[in-house]
Amino acid sequence: MGLEEAYYGKAIGFSGRKNHFLGRIKLYGSQFARRGEEGLVYFSLEKKSVFSWIRGEIGLRISYYDEIVEEEPPPPPPAEKEEAPLPPKSPPAVLVVEEGRGFQAPSYTERLVYGHGHYPEESHSPPVVVIEESPPPVINVQPEPPPQEMHHPPEMRRMHTARVVSGCGGGQRVRVLKRPNGDYSPKVITGKFGGEKTTERIHPHDLVEPMQYLFIRIAKARGLAPNMSPFVKIRTTTHFVRSKPANHRPGESTDSPEWNQVFALGNNSPVTASSTLEISVWDSSSENFLGGVCFDLSDVPVRDPPDSPLAPQWYRLEGDAVDQNSNRVSGDVQLSVWIGTQADDAFPEARSSDALYMEHTRSKVFQSPKLWYLRVTVIEAQDLHIIPNLPPLTAPEIRVKGQLAFQSVRTRGGFMNNHRASIHWNEDLIFVATEPLEDSLVVLVEDRTSKEAILLGHVIIPVNTIEQRVDERHVASKWFAIEGGTSEGCDGGPGGGGSYGGRIHLRLCLEGGYHVLDEAAHVCSDFRPTAKQLWKPAIGILELGILGARGLLPMKAKDGGKGSTDAYCVAKYGKKWVRTRTITDSFDPRWNEQYTWQVYDPCTVLTVGVFDNWHMFTDVSDDTPDYRIGKVRIRISTLESNKVYTNSYPLLVLLRTGLKKMGEIELAVRFACPSLLPETCAVYGQTLLPRMHYLRPIGVAQQEALRGAATKMVADWLARSEPPLGPEVVRYMLDADSHTWSMRKTKANWFRIVAVLAWAVGLAKWLDDIKRWRNRVTTVLVHVLYLVLVWYPDLIVPTLFLYVFLIGVWYYRFRPKIPAGMDIRLSQAETVDPDELDEEFDTIPSSRPPEIIRARYDRLRMLAARVQTVLGDVAAQGERLQALVSWRDPRATKLFTGICLAITIILYVVPPKMVAVALGFYYLRHPMFREAVPPTSLNFFRRLPSLSDRLI
């Protein structure tokens, strides 16, 4: 048959003795493909006449091949003929279902080949829904080998969702061939805590594995032989440690040194438990032995909190056989020895055996500084020494600049008041101040009429003298005398002189009713205001058990080229930061440390990060940063009450070379709180931020600038701790660069919007299926429901809420079982372009030449960063709408479904006209009955979780 010839086919149905014409198709030879390249194509059936009722499609797979003439093989021997296999009666069939086409069964003559075990191999074509029928009874014969031409995988054109197809035999299930997420998804750790749900706390450290330690507290000594600064050696079968040199109190003799040091030695080994503990005192200058004490570890007492600490006792120093009669052995040492776990209150201050360097390896708890917003309202200025002889019709441009530490804010140009000879601004300048309020506010008055700014004077105001307020009450303004003045410009600081330069009218106050944001809003861990008197009682307790890490990558090279990692964890929630001890030279560290926080708002995020310690080496400069290994964020509202979640999360870091998995971290989390008591439920109706944010809101751009200042202040504060938290650690934990431009983040936000709007596309497809009668039962039910709602319109609203309630109940089956970690697909980090990564890690201003392109490129990035933030906000609103019934926040979904049920019952009972009048009058109520803060429904919606906290 030539390619130009046409091929006709008919579809005929049989009913008894009479056949029915169902339609025909017309194909041309140019539409045929070579064997191996063919695909399943559906063709619409042509009608026989205009009045025909025929509708439908037929799926065909047509191909051509070149016929090769081969010689016939010799006939097989008779014995082989008798053993020729017979085809099975009912071979297994593989049926393909295409979305929107109904159930279509391809020809069995072609599919029987795959039924014998030769299924088409997976190719790069889209995933296919496969329906597997139960296999037939096994026959002890060998099937015929399939022909060589049938090894080509068929082409499938559509991807379908998993659903049970009507019309198939019983027991058939549909499975979707999905692409696995690999090792980037969180896993459940099966063990003691997995899935447990408790009503009360059993033990303060019940989320982690107990680790037994031998504690030795060396207090002091007395009556020692004359020496300068003795030290203590502690030796067991498996450990050997040395204390720091002793201290001497001023005015006391040198024979009574003090150490006040605690050691924690691992005691999990049975060999260690049956060994002997040796504590000896040595002279640091001459290395002379001054005496020692021995203990049998089998006699050491065991202490379990909340037992009181073991009191130290005096022990007589003894010498060995050689120095038995030596005058160097004399005196007593005061110490205490006991066996405990990491729950012991002495463990955080102890020098642990798995952390050799005590200064930068101990576990510590830090507190963020108390931050205030300082509002400076510049009202007017009088008697300024303005430059005379200005050109005609030229008004002087006078501006006020405020400086607080590293922060600098300037007003716009003021306007003149000819009647009073003064300049007015009425503009607010806002700064971030930190306690202790030791800084001073410097107010500079500048004349910027000419090209060079001229300083007209300055005012210095100590911050600790400024009035504090916790609400919107009026604060009295004050006049301040302007001192000094110089012509050197404003960059040189306030000028000297001390002469009178006029006066300025200011209103100053420290705002305690705001929450000073120091972290990104979508991953914020605290929304409490600065003033403690405005805090509400806690609603629960968050318990975090940092178990350990697995498979960490080497972060530094030791002598000989061997890699090592000295990892520690940092967890941040609210104002409390915790840092675990550093486990040195281990790729699988085990911390087993547990910490608790008070939870004031469940719609907050816990952040846990892992870092490699570089500051414990003496030969490393202080500017060397601790390398980040990865972090995990967990939203508290996604945790069920009083349930223990023990999961392993991947540690992912995005580098210039792409996404890299650095290992896994094992965490145990529990949110202990009442499930649905009024205190917990009432939080969902309250404002997310304090009232002052709505009464006197701060602009978005200004809020971001203030957040940058707050982040720097927190980083500087924690860097002064011992051991310090580096600025790179604080910035990484606070997501300081979350609003920088990134093509990857923009794509992620775009696809989030597409995923949110997918429900509208699905609804349109469903309505199209109803219109086309593709599912007759559903279409008939919709017609009946439509008639009922038309005749009884008062049932429309309650039926809608009932439908939403049923959806929420239905999705309860698919609720998330574990708290989600970082999602690489949502973050678009799996297939990111290297050039986009280079752009994301580029600095601002850009480091790429030439200079003109750099300036244009920076402007584009700053504009795109705003678009990126807007896209993220739009996506977050849609995701919150989905979270109403998706059980990502179990308490919110319970509240919403319960409210839907209550509204359904009320609307069924109360006449609809009364409901409509009540709603209309409530919407048109007088402003005196309105609150300045958002309504309860909007507050509830804003507290719903979005997927923003899962972005990398």
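The table below lists the values:
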{"quantity": "Boolean, Thr624 is open to solvent by less than 50 Å² (accessible area, probe 1.4 Å) and in contact with a His (Cβ under 9 Å, 6 or more places away or on another chain)", "calculated": "yes"}
{"quantity": "Flag for Ser284 being under 19 Å from Arg242 (Cβ atoms) and either modelled with pLDDT of 85 or more or of a type in the set (Gly, Ala, Ser) (or both)", "calculated": "yes"}
{"quantity": "So Asp823, is it outside the structural domain of Ala902 (by the TED database), surrounded by 11 or more Cβ atoms within 10 Å (Cβ to Cβ) and either at negative phi or charged (D, E, K, R) (or both)", "calculated": "no"}
{"quantity": "Looking only at the range 648-686, and only at residues there that are among the hydroxyl-bearing types (Ser, Thr, Tyr) and modelled with pLDDT of 90 or more, the one that is farthest from Thr377 (Cα to Cα)", "calculated": "Ser648"}
{"quantity": "Selected residue (criterion: surrounded by the fewest Cβ atoms within 10 Å (Cβ to Cβ)) from residues of the range 283-305 that are part of a strand (DSSP E or B) and not acidic (Asp, Glu)", "calculated": "Val302"}
{"quantity": "Unique match (being open to solvent by 70 Å² or more (accessible area, probe 1.4 Å) and closer than 30 Å to Ile844 by Cα) among Trp759, Trp773, Trp750, Trp766", "calculated": "Trp750"}
{"quantity": "Strands (runs of 3 or more DSSP E) (entirely within the range 544-624) containing at least 2 residues that are within 21 Å of Lys187 (Cα to Cα)", "calculated": "567-573, 590-599, 605-612"}
{"quantity": "Pairs where the first residue, in the range 506-524, is aromatic (Phe, Trp, Tyr) and the second is part of a strand (DSSP E or B), C-beta under 8 Å, 6+ apart", "calculated": "Tyr514/Tyr373"}
{"quantity": "Any hit, the range 719-729, residues being of a type outside the set (Asp, Glu) and under 20 Å from Thr843 (Cα atoms)", "calculated": "yes"}
{"quantity": "Residue count for the range 439-463, restricted to those that are open to solvent by 20 Å² or more (accessible area, probe 1.4 Å), part of a loop (DSSP other than H, G, I, E, B) and modelled with pLDDT under 90", "calculated": "5"}
{"quantity": "Given (1) over 17 Å from the mean Cα position of the chain (by Cα); (2) farther than 30 Å from Leu265 by Cβ, index of the condition Asn613 fails", "calculated": "(2)"}
{"quantity": "All positions within the range 582-615 that are open to solvent by 10 Å² or more (accessible area, probe 1.4 Å), under 15 Å from Glu666 (Cβ atoms) and polar (S, T, N, Q)", "calculated": "Ser586, Gln594"}
{"quantity": "Among the candidates Tyr812, Tyr803, residue that is surrounded by 14 or more Cβ atoms within 10 Å (Cβ to Cβ) and under 30 Å from Leu901 (Cβ atoms)", "calculated": "Tyr812"}
{"quantity": "Which numbered condition Val788 fails, given (1) over 34 Å from the mean Cα position of the chain (by Cα); (2) within 21 Å of Ile636 (Cα to Cα)", "calculated": "(2)"}
{"quantity": "Any chance Ala705 is open to solvent by 50 Å² or more (accessible area, probe 1.4 Å) and over 30 Å from Thr190 (Cβ atoms)", "calculated": "yes"}
{"quantity": "Residue satisfying all of: in the range 188-233; part of a loop (DSSP other than H, G, I, E, B) and among the aliphatic types (A, V, I, L, M); modelled with the lowest pLDDT among these", "calculated": "Ile202"}
{"quantity": "Enumeration of residues in the range 277-295 that are over 16 Å from Gly266 (Cα atoms) and among the acidic types (Asp, Glu)", "calculated": "Asp283, Glu287"}
{"quantity": "Selection from the range 853-870 of residues that are among the small types (Gly, Ala, Ser) and over 24 Å from the mean Cα position of the chain (by Cα)", "calculated": "Ala855"}
{"quantity": "Only listed residue being crowded, with 20+ Cβ neighbours inside 10 Å, under 25 Å from Ile796 (Cβ atoms) and more than 21 Å from the chain's Cα centre (by Cα), chosen from Thr936, Thr897", "calculated": "Thr897"}
{"quantity": "Flag for Ile539 being out of contact with any His (no Cβ under 6 Å at 6 or more places or on another chain) and either open to solvent by less than 10 Å² (accessible area, probe 1.4 Å) or closer than 22 Å to Met733 by Cα (or both)", "calculated": "no"}
{"quantity": "Boolean, Glu679 is closer than 24 Å to Arg550 by Cβ and of a type in the set (Asp, Glu)", "calculated": "no"}
{"quantity": "Filtered residues of the range 676-685 (kept if surrounded by fewer than 19 Cβ atoms within 10 Å (Cβ to Cβ) and over 30 Å from Val208 (Cβ atoms))", "calculated": "Pro678, Cys681, Ala682, Gly685"}
{"quantity": "Criterion: touching a residue at least 40 places away in the same chain (Cβ under 8 Å) and open to solvent by 90 Å² or more (accessible area, probe 1.4 Å) - qualifying residue of Ile844, Ile852, Ile903", "calculated": "Ile844"}
{"quantity": "Residues satisfying the stated conditions in the range 556-581, i.e. hydrophobic (A, V, I, L, M, F, W, C) and open to solvent by less than 10 Å² (accessible area, probe 1.4 Å)", "calculated": "Ala567, Cys569, Val570, Ala571, Trp577, Val578"}
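Results for (1) without any contact (Cβ under 8 Å) to a residue 24 or more places away in the chain; (2) surrounded by fewer than 18 Cβ atoms within 10 Å (Cβ to Cβ); (3) in contact with a Pro (Cβ under 9 Å, 6 or more places away or on another chain); (4) in a loop (DSSP other than H, G, I, E, B), shown as yes or no for each residue.
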{"position": "Lys631", "(1), (2), (3), (4)": "no, no, no, no"}
{"position": "Ser637", "(1), (2), (3), (4)": "no, no, yes, no"}
{"position": "Leu651", "(1), (2), (3), (4)": "no, no, no, no"}
{"position": "Leu654", "(1), (2), (3), (4)": "no, no, no, no"}
{"position": "Val669", "(1), (2), (3), (4)": "no, no, yes, no"}
{"position": "Pro674", "(1), (2), (3), (4)": "no, yes, no, yes"}
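Yes/no matrix, rows are residues, columns are (1) at pLDDT 90 or above; (2) in contact with a Gly (Cβ under 8 Å, 6 or more places away or on another chain); (3) of a type in the set (A, V, I, L, M, F, W, C):
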| position | (1), (2), (3) |
| --- | --- |
| Gly492 | no, no, no |
| Tyr500 | no, no, no |
| Pro529 | yes, yes, no |
| Gly561 | no, no, no |
| Ser564 | no, no, no |
| Trp577 | yes, no, yes |
| Gln594 | yes, yes, no |
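The values are calculated or read from the model by the stated rules, or taken from the named source; none is laboratory data. Given the structure is predicted, the values throughout are model-derived calculations rather than measurements. Note: ideal-geometry Cβ built from the backbone for every residue, glycine included; neighbour counts use all protein chains shown. Surface accessibility is based on the protein's heavy atoms, side chains included, excluding ligands, DNA and RNA. Shrake-Rupley method; radii C 1.70, N 1.55, O 1.52, S 1.80 Å.
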